[in-house]
Amino acid sequence: MWDSFAAGVALSSMRQGEVDGGNDFAELEYMNITVVTSNKPYGVRDGSNPFFDGRAAPKFGLREGGVHSGHVQTGISDPFCVVPGSNRGRCEDGYTKEVSGVEAVRVRVATSAKPNTDKNSSLDREFFKSFLEVLNLPTNTGRFNIKTQFPYYKEVLYKPDFRNVRRGKPVIFDMDMSPGDFVSLIYLLKEPIEVIDLKAVLVSGNGWANIASIDIVYDVLHMMGRDDIPVGLGNTTAFGTPTLGCNNSYAIPQGSGGFLDSDTLYGLARSLPRSPRRYNSESSDHPERRQPLAFEVWQSVRKQLGAGDKITVLSNGPLTNLANISLSDEKASTVIERVYVVGGFIRDRENEKGNVSSVPSNKYAEFNMFLDPLAAKIVLKSRLNITLIPHTTQLKVASFDSVLGALEQRTQHTPEATFVHGLLSLLQDLRRKERLYHHMDVFLGEVLGAVYMVQGSDLKPSVKVMPISVVAKTTKSTDSQIVVSTKSAKLLNVLDNLNIGIYYNRLANSLSNKKQSAIVGSFEEQKAIWSRPQK
């Protein structure tokens, strides 16, 4: 309520006079304040304060010994700020303080909210009463909500009946919601249930998109008629990092493919049909609506396994979820048959580089490993049977022209093939026109893991067995790099090559197949359903 309260205080002041007028919602008084930029003891020189250190006179005329003259916090893990045994630090950079002298600015401050004048009301603040009254005024009211806009709106969950179907390989898909992950998800949903039985989707919260973008996962499942598949949310920080700590996700571009773009699937999320299932944060009022966690979904899937069944895991993002599962469930390796890991960079030639271009000092890093190096190290050292699909192999199937051409050659067209074609065409267009989007082809290679897991030997693959380890907990310039060394005790299967023509054809054939196609192809189709009587 802070933002709406601030708006209420501002409007009340404007109505009653800016200078000395009263306020309906807050007690106001003038104070001399500043925003603190350093910490006690003030006046000490330790090299952290650019306003004072190495200067004959302080910058901006700041006062020696004032609130700006002490230690400046150098980062979230600055040892100066850490208080042993406490979850609270001692640094106050960014705090607002009342001070005197030239460093202060005279500001009118709302010091407290006024209590409700109606003593019989359950609302304890005057602003709350006004807020609800204004919201319910008929003046300037909203014209539509979804039920008035669509007279036959109805929330429907599509759950197929597989009781008399022999199910195929149980699969869990672990993704971080990058564009390539959504193409992979659609591909997996297109495969016959007799071949691939997608049991669950796990979402990393420390990858390419904000955790609330899990709504797009729900929408894709709804489009394909698979509202029965549970979705589990993983940690929002890298393995071993505090909840509010830093992690390597700073390397993901803001826009230019990451976050602002992936959060909306480049604007195309609006074209998907809307699922009744939505992301919900922790709620003490409605715990039953809480978003399931990744480990909870893992436990649920494991309990449902038949005798002798084993799970195949496809990991398309950071390995945080898989590391948590392997450490939290000691018997996880006994029910996981194989793990396909899409990621890692294995250097074959001198001029080859990884794909973390936003960290120039780390030339040989790959994003999925870089986003959580410690989790990668834990998983790759574990007893799990792992097949690695490295960045160098992904690049062999990262041609926009080839995949779009294969889709365009098909005589059959499905809503999901049309959606994938539109998404990839948009990425290609951005790559051609905007320098900041030069790396868009990295998302094409992510689909290889799903296709290889399903098609296997039909792709005529070349697989090497290599002793591999991961560098973790070192420096940003070496973290997540893969080392091939005979000293490594763990041997991994590494996909080295494949028949590229067969790959593109199999991918296009699957997406264009009329079987297991979309139940509701788009939001436009869904709007048409909501606009007429339903059977």
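The values are calculated or read from the model by the stated rules, or taken from the named source; none is laboratory data. Just so it is clear, the structure is predicted and the values come from calculations on it, not from any experiment. Cβ coordinates were reconstructed from backbone atoms using ideal geometry, including for glycine residues, and neighbour counts include every protein chain displayed. Only protein heavy atoms, including side chains, enter the accessible area calculation; ligands, DNA and RNA are left aside. Shrake-Rupley method; radii C 1.70, N 1.55, O 1.52, S 1.80 Å.
For Arg278, which of the numbered conditions (1) part of a loop (DSSP other than H, G, I, E, B); (2) crowded, with 20+ Cβ neighbours inside 10 Å fails to hold?
Single failed check for Arg278: (2).
Among the listed residues Val465, Val483, Val454, identify the single one that is under 30 Å from Leu423 (Cα atoms), in contact with a strand residue (DSSP E or B) (Cβ under 9 Å, 6 or more places away or on another chain) and either open to solvent by 60 Å² or more (accessible area, probe 1.4 Å) or not in a loop (DSSP other than H, G, I, E, B) (or both).
On the way: Val465 fails: under 30 Å from Leu423 (Cα atoms); Val483 fails: under 30 Å from Leu423 (Cα atoms).
Exactly one residue qualifies, and that residue is Val454.
Quick check on segment 251-266. Is at least one of its residues open to solvent by 40 Å² or more (accessible area, probe 1.4 Å), at pLDDT 95 or above and either in the same structural domain as Arg431 (by the TED database) or in contact with a strand residue (DSSP E or B) (Cβ under 6 Å, 6 or more places away or on another chain) (or both)? First the steps, then the outcome.
Initial filter on segment 251-266 (open to solvent by 40 Å² or more (accessible area, probe 1.4 Å)): 254, 259-260, 263-264.
Keeping just the survivors that are at pLDDT 95 or above gives none.
Scanning segment 251-266, I find no residue that is open to solvent by 40 Å² or more (accessible area, probe 1.4 Å), at pLDDT 95 or above and either in the same structural domain as Arg431 (by the TED database) or in contact with a strand residue (DSSP E or B) (Cβ under 6 Å, 6 or more places away or on another chain) (or both), so the answer is no.
Tell me, please, whether a residue that is farther than 30 Å from Phe131 by Cα, outside any strand (DSSP E or B) and either in contact (Cβ under 8 Å) with a residue 60 or more places away in the chain or of a type in the set (Val, Ile, Thr) (or both) can be found in segment 19-42. Talk me through it step by step, then tell me what you get.
Step one: list which residues in segment 19-42 are farther than 30 Å from Phe131 by Cα, which gives 32, 34-42.
Keeping just the survivors that are outside any strand (DSSP E or B) gives 36-38, 40-42.
Filter once more, so that each one left must be either in contact (Cβ under 8 Å) with a residue 60 or more places away in the chain or of a type in the set (Val, Ile, Thr) (or both): 36-37.
Among the residues of segment 19-42, at least one is farther than 30 Å from Phe131 by Cα, outside any strand (DSSP E or B) and either in contact (Cβ under 8 Å) with a residue 60 or more places away in the chain or of a type in the set (Val, Ile, Thr) (or both), which makes the answer yes.
Within segment 60-78, can you find the residues that are among the charged types (D, E, K, R) and touching a His at 6+ places or on another chain (Cβ under 9 Å)? Step through it out loud before you land on a result.
The first filter runs over segment 60-78 and keeps only residues among the charged types (D, E, K, R), leaving 63-64, 78.
The one that is among the charged types (D, E, K, R) and touching a His at 6+ places or on another chain (Cβ under 9 Å): Asp78.
Anything in segment 226-245 that is under 22 Å from Glu525 (Cα atoms) and open to solvent by less than 10 Å² (accessible area, probe 1.4 Å)? List them, or say none.
Our first condition is that a residue be under 22 Å from Glu525 (Cα atoms); within segment 226-245, this holds for 226-228.
Within segment 226-245, Asp227 is the sole residue that qualifies.
Of the conditions (1) under 16 Å from Lys199 (Cβ atoms); (2) open to solvent by 50 Å² or more (accessible area, probe 1.4 Å), Arg289 clears all except one; give me its number.
Exception for Arg289: condition (1).
Given the structure, is Arg88 surrounded by fewer than 17 Cβ atoms within 10 Å (Cβ to Cβ) and under 31 Å from the mean Cα position of the chain (by Cα)?
On the way: surrounded by fewer than 17 Cβ atoms within 10 Å (Cβ to Cβ): yes; under 31 Å from the mean Cα position of the chain (by Cα): yes.
The answer is yes for Arg88.
Inspect segment 330-344 for any residue being in contact with a Pro (Cβ under 6 Å, 6 or more places away or on another chain) and buried (at least 23 other Cβ atoms within 10 Å of the Cβ) and give the result as yes or no.
yes
Using beta carbons and a limit of 8 Å, which pairs, at least six apart or on different chains, have the first residue in segment 329-340 and among the small types (Gly, Ala, Ser) and the second one open to solvent by 30 Å² or more (accessible area, probe 1.4 Å)?
Between residues of segment 329-340 that are among the small types (Gly, Ala, Ser) and residues that are open to solvent by 30 Å² or more (accessible area, probe 1.4 Å), the close pairs are Ala332/Ser326; Ser333/Ser326; Ser333/Arg383.
Can you say whether Val520 is in a strand (DSSP E or B) and either at positive phi or hydrophobic (A, V, I, L, M, F, W, C) (or both), as far as the supplied structure shows?
Details: in a strand (DSSP E or B): no; either at positive phi or hydrophobic (A, V, I, L, M, F, W, C) (or both): yes.
Criteria not met by Val520.
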